[in-house]
Amino acid sequence: MGNMTDHPQKYASTAVVLHWLIALCILCNVILGIGANYAPDAWVRPIINLHKSIGITVLGLVLARVAWRILHRPPPLPEGYKRLERLLAHGVHASLYVLILAIPITGWIHDSAFAQAAQHPLILFGIIPWFRLGFITSLDPAAKEHMHSLFGAIHTYLGYVLYGVFALHVIGALKHQFIDKEREIQRMWL
Ligand code: HEM
């Protein structure tokens with residue numbers, strides 16, 4: 001099922017599973033990240049802890065996905081796509097890879113620079129103790145505070161960029177599916 005040799009016009013099942021698993025985790029994290037700003041005080045820490053756990057998981061999944069992508073050639077785009085469309089599609093895909101790597105990394109730097117990091121250990125899903133980034137935790141308190149606010153802001157702004165690039169991604173997929181009548185969504189399905 002979904003094997004590239006059987007269906008050369010679609011992605012292999014490994015790529016499909018990683019694509020949708022990462023998309024689902026990112027959707028959860030956007031909801032949790034924005035929700036934390038509106039949640040009652042007592043919920044903020046548990047929400048952020050879950051957000052960090054999912055975010056570190058996303059980082060691992062994205063690294064696996066990039067490694068897989070380097071080792072495998074994706075199915076070619078359907079013949080009918082114009083040069084500009086191909087350029088746009090590849091540009092949007094490349095931007096998405098950069099964003100889904102940079103967002104968890106900046107979140108992790110922001111978290112590592114948290115002044116009370118030691119009092120709030122990073123324990124993934126309350127089960128797996130995880131590490132902070134040593135080159136950040138070893139900074140002096142003033143530099144740490146600076147990094148904390150700088151990377152918190154970068155993390156948030158990259159989120160805004162992600163919403164825009166994600167919108168282009170979905171609009172492109174829908175255009176190919178419903179206006180060009182290509183089997184576009186089927187390419188990224190089992
Ligand atoms: C899938 C990856 C991730 C996504 C999509 C994501 C997205 C977001 C979003 C949308 C916000 C809300 C920003 C706002 O206030 O508008 C946020 C906040 C936050 N994120 Fe992430 N994040 C991810 C990974 C991580 C990781 C790995 C960590 C830390 C280990 C982290 C730590 C934080 C923290 C501490 C905040 C609160 C920032 C503040 O208000 O000070 N995030 N994130």
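The values are calculated or read from the model by the stated rules, or taken from the named source; none is laboratory data. A quick note: this is a predicted structure, and the numbers were derived from the prediction, not measured. Here Cβ is always computed from backbone atoms with ideal geometry, including for glycine, and neighbour counts include all displayed protein chains. Surface accessibility is based on the protein's heavy atoms, side chains included, excluding ligands, DNA and RNA. Shrake-Rupley method; radii C 1.70, N 1.55, O 1.52, S 1.80 Å.
Miscellaneous remarks
- When residues of the range 33-45 are limited to those that are in a helix (DSSP H, G or I) and of a type in the set (A, V, I, L, M), the one farthest from the ligand (Cβ to nearest atom): ALA42
- Pick from the range 153-172, criterion surrounded by 12 or more Cβ atoms within 10 Å (Cβ to Cβ) and more than 16 Å from the chain's Cα centre (by Cα), ranking: farthest from ALA113 (Cα to Cα): GLY172
- Unique match (being within 16 Å of the ligand (Cβ to nearest atom) and over 13 Å from the mean Cα position of the chain (by Cα)) among LEU18, LEU59, LEU71, LEU50: LEU50
- Among the residues of this structure, VAL30 counts as one that is over 17 Å from ILE185 (Cβ atoms), assigned to a helix (DSSP H, G or I), near the ligand (Cβ under 10 Å from one of its atoms) and under 15 Å from the mean Cα position of the chain (by Cα).
- Meets criteria (open to solvent by less than 30 Å² (accessible area, probe 1.4 Å), farther than 20 Å from GLY60 by Cα and at pLDDT 95 or above) for ALA142: no
- Hits in the range 115-128 (condition: within 13 Å of the ligand (Cβ to nearest atom), open to solvent by 30 Å² or more (accessible area, probe 1.4 Å) and not β-branched (Val, Ile, Thr)): ALA115, GLN116, HIS120, PRO121, PHE125
- Taken over the range 46-103, the criterion of being open to solvent by less than 30 Å² (accessible area, probe 1.4 Å), under 17 Å from ARG187 (Cβ atoms) and assigned to a helix (DSSP H, G or I) is satisfied by ALA89, VAL92, LEU96.
- Residues that are in a loop (DSSP other than H, G, I, E, B) and open to solvent by less than 60 Å² (accessible area, probe 1.4 Å), drawn from the range 173-190: ASP180, GLU182, MET188
- Flag: LEU101 does not match the condition of being free of Cβ contacts under 8 Å to residues at least 60 places away in the same chain and closer than 23 Å to HIS176 by Cβ.
- Hits in the range 113-125 - residues which are within 19 Å of the chain's Cα centre (by Cα) and either part of a loop (DSSP other than H, G, I, E, B) or without any contact (Cβ under 8 Å) to a residue 40 or more places away in the chain (or both): PHE125
- Residue that is farthest from HIS51 (Cα to Cα), among those in the range 153-177 that are more than 15 Å from the ligand (Cβ to nearest atom) and in contact (Cβ under 8 Å) with a residue 60 or more places away in the chain: HIS176
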